[in-house]
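Here is the structure we will look at, set down as structure tokens.
The values are calculated or read from the model by the stated rules, or taken from the named source; none is laboratory data. What you are looking at is a predicted structure, and each value in this text was computed from that prediction instead of being measured. In this analysis, Cβ positions are derived from the backbone assuming ideal geometry, glycine residues included, and neighbour counts consider all displayed protein chains.
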Amino acid sequence: MSQLQARFFTEDKRYIVDDVPFSIPAGSEVQDLSNVINKLLEANNASHSKVEFDFLVRGQFLRTSLSIHMDTEGISTEEVVELEYVERITAPEPEECMMHDDWISSVDADAEWILTGSYDKTARIWSVEGKAVMTVAGHTDVVKDVAWVKRDGLTSLLLTASLDQTLLLWEWNSERNKLKARHCCRGHTGSVDAVATDPTGSKFCSGSWDKMLKIWSAVPTDEADEVEEPADRPRKKQKTQQLGLTRTPLMTLSGHNEAVSSVLWCDSEEVCSASWDHTIRVWDVETGGMKTALTGSKVFNCISYSPLCRRLASGSTDRHIRLWDPRTKDGSLVLLSLTSHTGWVTAVKWAPSHEHQLVSGSLDNLVKLWDTRSCKAPLYDLAAHEDKVFCVDWTESGLMLSGGADNKLYSYRYSACQTDAGA
Amino acid sequence: MEESSSSSTRSAAQTHKIKEKEPQKGGKKRTKAEEEEEEELFNFKSKSTEEEEEDEDLSDSEDSIFSGLEDSGSDEDDDDEELSDDGDEEGLDDGELKLEQTQQIGIETKKETEETGETEETEGGRTEKAKQEDEYVHDSSDEEDIRNTVGNVPMEWYRDFPHIGYNLDGKKIYKPIRNKDELDDFLDKMDNPDYWRTVPDKQTGSDVVLSDEQVQLVNRLQRGQFGDANFNEYEPQVEFFSRDVMLHPVTNRPADKRSFIPSLIEKEKVSKLVHAIKMGWIKPRRVEDDSRGRYYDLWANEDSSILARHKMHLPAPKIPLPGHQESYNPPPEYLFTDEERALWEQQDPCDRKLPFVPRKFSSLRQVPAFSRFIHERFERCLDLYLCPRQRKMRVNVNPEDLIPKLPKPKDLQPFPTTQSLVYRGHSGLVRSISVSPSGQWLASGSDDGSVRFWEVCSSRCLKTVQVGGAVKSVAWNPNPSVCLLAVALDSVVLILSPSLADRQVVLSSERLLSAPQEADANEGAGPVTWSETEGEELNHGIRLKIQHPKAVQQVSWHAKGDYVASVMPDHSSNLQVLIHQLSRRRSQNPFRKNKGLVQCVSFHPVRPYFFVGTQRSVRIYNLVKQEMTKKLQANSKWISSMAVHPGGDHVICGSYDCRLSWFDLDLSTKPYKMLRHHKKAVRGVAYHRLYPLFASASDDGTVIVCHGTVYNDLLQNPLIVPVKVLRGHEITHDLGVLDVTFHPTQPWVFSSGADATIRLFT
């Protein structure tokens, strides 16, 4: 067995070892290397308890034996190999399973509450512990997307988008557990599939099957906007059906040729939308114009943006998760492609606190935890679902959520390394 | 010494003279040569005699000779005569009888030889005498006889004269007086014993009695023997030139100088030849080409240039070259083992792999004659003669060249490749599916009596409508401004308003359905009853019921969305196709005649044409002119389905005999291309609205997606490439995929199967 010269280093202050080259067997795997580090640490510090490490060779996770990895990556074995080691990300532990009455179409969670939209035409509010708190019923059709707008003490604003072409802005008081529909946002002529609130919580954007993006004001008022009604329309009937005051969009962004499947705010002035017309478009909310368009070759189901690494992750119908740089001018530059799913990628979400990690859900019933430094294989497969996964979310408190067609919302506790947080 | 040298010179002079005479004498040459020969002979003879008599007559003869040459003594002749007489007389001393006899014989012979050889005789006699004196005396003819100077003339000329010539002095030599008559002669003959050897001398006219030696000589000559009795004819031969190299050369003559010097003549000749070669007058002899013609190469390939002359020449197949098995000493593995041999013997001669048994011989010498040689040659001849050889017009084409140059499927993307979603919910086989024009909804009709509406992107069944009968066909209204679905079941066509669209759209479709019913007046006459639904059915979205007289198999919308055609296959009726107008609630039967069992109908997407697929053909009718414009022959037994290209110029037909035929309407009424990729009956075909794709569904459980680019250029034929076989449906009750349809905007294909599922391939 041949030997390699390797030097270990880490960013983690707790696990620093001497900066000297070691000769290690070329065929050693992650576990062997991890044992080596642990031995070294024990030699330094008798009170060291065993920690599992992962290793990075030139920014790529080591997944096979060292020699094979270096062979495939084309790294010379003659020189001293720089091996970075990080504490291994432990597997997300499944915590709660929240049963719904119907398929879960969407989920949005913050530190305290979980909001889910379901195909039973309702949205639900859950506590983080998995307790059903509130059922938001009001839509006449399937709730396709939900979003928290703002939390102001005990009062929260939340949004539900539905297939009945409307969005509802609700006001929910968590203490009294009172829910009130404040506004009914009308204007779309197709099923509203996506909604996203801006970072300030004053505006939100919706994307619909009618190919339009609309920007709305998220500030609840007591006055209804004027709606042009057709003359022959039976006005009375409408009034009785309506929940809350009618609200009209501030702005309509049109440009997509197909249904809009996902929207998000990059920052307070930029909206990004993914569509079935194989493009991701970045819009300027101030002017209402399109800034850039990223062209793919397949339908985009979902996008997610990470302010940490300023990358856009997209899930599309060809099983790939692609990473984009939304600021590129030339349009279609795929930085990286993460391929492991075997079905459409229906949901993708960046980790809020880690610049390399993201989670994805697919129609192949799997939720996968990825690290962009290991693009060939995901870190973990979360195979809890028995049917299609439609939505995933990741809270800053380290909770991962996924819901799908098996009516279950799973939550996983993800033990983010303290050192990694904010890295 | 002097004498011999002089004699040699004389003889040389004599021969020279003879040579000079040759041209003069001409015809006499022969006789002259003979004479000389005889003369020689006599000379030999005379020599011998001379030597005997030398002692006696030496001086005389010398004298006479010299006198004859130098000074001609008058008495010379006499002396000569006297001498001869003397000689005779001396001889007579020995025996007179002899002389007489010879004289007598001489007389006789004289008579005999008077005509022929008189001169010779005389010559002989004369020379004889001359030689007695000196063998070199008469080297020339002039000096032949010095006694009589008349020369060599016939003596008859002197017959009438008293003399016979002249002597050297010019005096007449008189004939001896012969007064003997015949009686005397006779007596003399009787008395004289030497008569037979007495010979008259012509020159002198006297009788000469031949001596014994002379008689012997004559006898020998007459017998053809050599004149000299002592001459040994059979002396041992000395071989001068033999194979033995002798010590001494044959001639001791030194080699000539010229034999050491290059010959000038030769040099001249050579230079002439060289010049001629240089000038090209002489060409070097051509080297005979041995390669062709002399030997026939049995194994050679026949020359194609020769074959070209005989157009239909068919070379006889060559006998294969003998292999190791035919060897007299084959390697041991070729020899038969006992079992092989037994097998060989058991086998029928025609079944044997080898026509002989390989045998081993220690040397070629021991190989026996091949007993079957004649037989085999005969068989070969029979083969060549009886088996007709015919020229096969075989085309040497690489099979790969026959495969049309098609682009790779990879280059023809996008097209559906993998199964993405399965729409589960039906409990019976799903006969028909249809996608809404927006691409958001999918409607399916099943044998379980329900119509389901699915959300395409999530495979969620949002709505189920129980229609109370096996659904044969569903069709979404292609007009995007209305949202209606036509459903065919049993003998009813239902118009459903699923209200899955914008409120405006739903309203406009409501408006279309609740149009003024002006057609009520002739409603009774028509075969069709229109009725609005109520209560429960209305709540489910069923808006209109169009009751047909017979079972409806298929419904098909016009692109504008106002007309819907329904098909009621029937062999015996002309009422097979009905076209309904929704806005006026009117139905009409466009055909008066039954042209065959109608399978499927379709409207032209742009122009007022109507496609009617019957069992074997597709008829295209112009709806405005109300006439048939074209009839497409499908070359298949039973058309099952039909789809019209969104451009309207191409039609594909699936048939129950596993074929898919593509028609180019501008090209021909025959199929432009037949695709036989399916193993079982083709149940459904579909075109994509935007992408150059078409698909066919078959009972073998597969959907085959083909790329079909249609060019605007009329000269360019459509490019049809099968790109993908999509599998997923399970075959239940021998039925596989029943219907296939494309997503209106994405390159996705939906298929519905007998396994009660609908699948989406992307």
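Checked against the criterion of being outside any strand (DSSP E or B) and either acidic (Asp, Glu) or touching a Cys at 6+ places or on another chain (Cβ under 9 Å) (or both), the candidates A:54, A:102 yield just one match: A:102.
Would you say residue B:218 is more than 28 Å from residue B:166 (Cβ to Cβ), crowded, with 17+ Cβ neighbours inside 10 Å and among the β-branched types (Val, Ile, Thr)? Break it down into steps so the answer makes sense when it comes.
Values: more than 28 Å from residue B:166 (Cβ to Cβ): yes; crowded, with 17+ Cβ neighbours inside 10 Å: yes; among the β-branched types (Val, Ile, Thr): yes.
Here the answer is yes, as residue B:218 does meet what is asked.
Name the residues in segment B:223-272 that are under 30 Å from residue B:213 (Cβ atoms) and in a helix (DSSP H, G or I), would you? Within segment B:223-272, just B:223 meets the criteria. You will find that of A:350, A:344, A:324, the residue that is more than 26 Å from residue A:383 (Cα to Cα), crowded, with 20+ Cβ neighbours inside 10 Å and not aliphatic (A, V, I, L, M) is A:324 and no other. Within the set A:210, A:141, the sole residue that is more than 18 Å from residue A:262 (Cα to Cα), within 14 Å of chain B (Cβ to nearest Cβ), among the acidic types (Asp, Glu) and not in a strand (DSSP E or B) turns out to be A:141.
Restricting attention to segment B:412-429, which residues are assigned to a loop (DSSP other than H, G, I, E, B), within 14 Å of another protein chain (Cβ to nearest Cβ) and within 30 Å of residue B:463 (Cα to Cα)? Within segment B:412-429, B:415, B:416, B:417, B:418, B:425 meet the criteria.
In segment A:151-160 there is no residue that is surrounded by fewer than 17 Cβ atoms within 10 Å (Cβ to Cβ) and within 24 Å of residue A:97 (Cα to Cα). A residue that is surrounded by 10 or more Cβ atoms within 10 Å (Cβ to Cβ), out of contact with any Pro (no Cβ under 9 Å at 6 or more places or on another chain) and in contact (Cβ under 8 Å) with a residue 12 or more places away in the chain cannot be found anywhere in segment B:254-264. Restricting attention to segment A:185-207 and to residues that are surrounded by fewer than 20 Cβ atoms within 10 Å (Cβ to Cβ) and farther than 22 Å from residue B:436 by Cβ, the residue that is nearest to the other protein chains (Cβ to nearest Cβ) turns out to be A:186.
Scanning segment A:267-278 for residues that are surrounded by 21 or more Cβ atoms within 10 Å (Cβ to Cβ) and either away from chain B (no Cβ under 14 Å) or in contact with a Leu (Cβ under 8 Å, 6 or more places away or on another chain) (or both) yields A:271, A:272, A:273.
Answer yes or no as to whether residue A:7 is modelled with pLDDT of 80 or more and either surrounded by fewer than 17 Cβ atoms within 10 Å (Cβ to Cβ) or part of a loop (DSSP other than H, G, I, E, B) (or both). Taking the combined requirement at face value, the residue satisfies it. Checked against (1) modelled with pLDDT of 85 or more; (2) of a type in the set (A, V, I, L, M, F, W, C); (3) over 22 Å from residue B:408 (Cα atoms), residue B:714 meets all criteria but (1).
Using the structure shown, decide if residue B:391 is part of a helix (DSSP H, G or I) and exposed (fewer than 11 other Cβ atoms within 10 Å of the Cβ). Criteria not met by residue B:391. Checked against (1) under 14 Å from the mean Cα position of the chain (by Cα); (2) within 13 Å of chain B (Cβ to nearest Cβ), residue A:321 passes all but condition (2). Looking only at segment A:165-184, decide whether some residue is in a loop (DSSP other than H, G, I, E, B), within 14 Å of another protein chain (Cβ to nearest Cβ), more than 15 Å from residue A:114 (Cα to Cα) and not β-branched (Val, Ile, Thr). Checked segment A:165-184: at least one residue is in a loop (DSSP other than H, G, I, E, B), within 14 Å of another protein chain (Cβ to nearest Cβ), more than 15 Å from residue A:114 (Cα to Cα) and not β-branched (Val, Ile, Thr).
Among the numbered conditions (1) in a loop (DSSP other than H, G, I, E, B); (2) within 14 Å of residue A:249 (Cα to Cα); (3) within 14 Å of chain B (Cβ to nearest Cβ), the only one that residue A:219 does not meet is (3). Count of segment A:336-384 residues, restricted to those that are in a loop (DSSP other than H, G, I, E, B) and within 14 Å of another protein chain (Cβ to nearest Cβ), is 7.
Selection of segment A:222-263 for residues being modelled with pLDDT of 75 or more, within 13 Å of chain B (Cβ to nearest Cβ) and part of a loop (DSSP other than H, G, I, E, B) yields A:256, A:257, A:258, A:259. Checking each residue in segment B:212-229 for being of a type outside the set (A, V, I, L, M, F, W, C) and modelled with pLDDT under 85 picks out B:227, B:228. Residues of segment B:436-445 that are closer than 14 Å to residue B:486 by Cβ and within 14 Å of another protein chain (Cβ to nearest Cβ): B:436, B:437.
Put simply, of B:409, B:388, B:404 the only residue that is more than 14 Å from chain A (Cβ to nearest Cβ), of a type outside the set (S, T, N, Q) and over 30 Å from residue B:742 (Cα atoms) is B:388. Out of curiosity, is residue B:243 under 60 Å from the mean Cα position of the chain (by Cα) and of a type outside the set (Asp, Glu)? When the stated conditions are applied, residue B:243 passes them.
Checking each residue in segment B:446-470 for being within 12 Å of chain A (Cβ to nearest Cβ) and either under 60 Å from the mean Cα position of the chain (by Cα) or of a type in the set (Gly, Ala, Ser) (or both) picks out B:458, B:459. All conditions in (1) within 14 Å of another protein chain (Cβ to nearest Cβ); (2) outside any loop (DSSP other than H, G, I, E, B); (3) farther than 21 Å from residue A:274 by Cβ hold for residue A:133, with the sole exception of (1).
From the set of residues in segment A:285-301 that are aliphatic (A, V, I, L, M) and assigned to a loop (DSSP other than H, G, I, E, B), which is nearest to the chain's Cα centre (by Cα)?
Start the filter on segment A:285-301 by keeping residues that are aliphatic (A, V, I, L, M), which leaves A:285, A:290, A:293-294, A:299.
Next cut, assigned to a loop (DSSP other than H, G, I, E, B) only: A:285, A:299.
On the way: A:285: 22, A:299: 18 Å.
Top of the filtered list is A:299.
Reported count of residues in segment B:354-388, each being aliphatic (A, V, I, L, M), without any contact (Cβ under 8 Å) to a residue 40 or more places away in the chain, out of contact with any helix residue (DSSP H, G or I) (no Cβ under 9 Å at 6 or more places or on another chain) and surrounded by 11 or more Cβ atoms within 10 Å (Cβ to Cβ), is 1.
Filter segment B:705-762 down to the residues that are of a type outside the set (A, V, I, L, M, F, W, C) and within 14 Å of another protein chain (Cβ to nearest Cβ), then identify the one that is farthest from residue B:678 (Cα to Cα). Here the answer is B:745. Looking across segment B:221-232 at every residue that is small (Gly, Ala, Ser) and touching a Lys or Arg at 6+ places or on another chain (Cβ under 8 Å), the one that is surrounded by the fewest Cβ atoms within 10 Å (Cβ to Cβ) is identified as B:229.
If you go through segment A:291-306 one residue at a time, how many are aromatic (Phe, Trp, Tyr) and within 12 Å of another protein chain (Cβ to nearest Cβ)? Residues that pass the stated criteria total 1.
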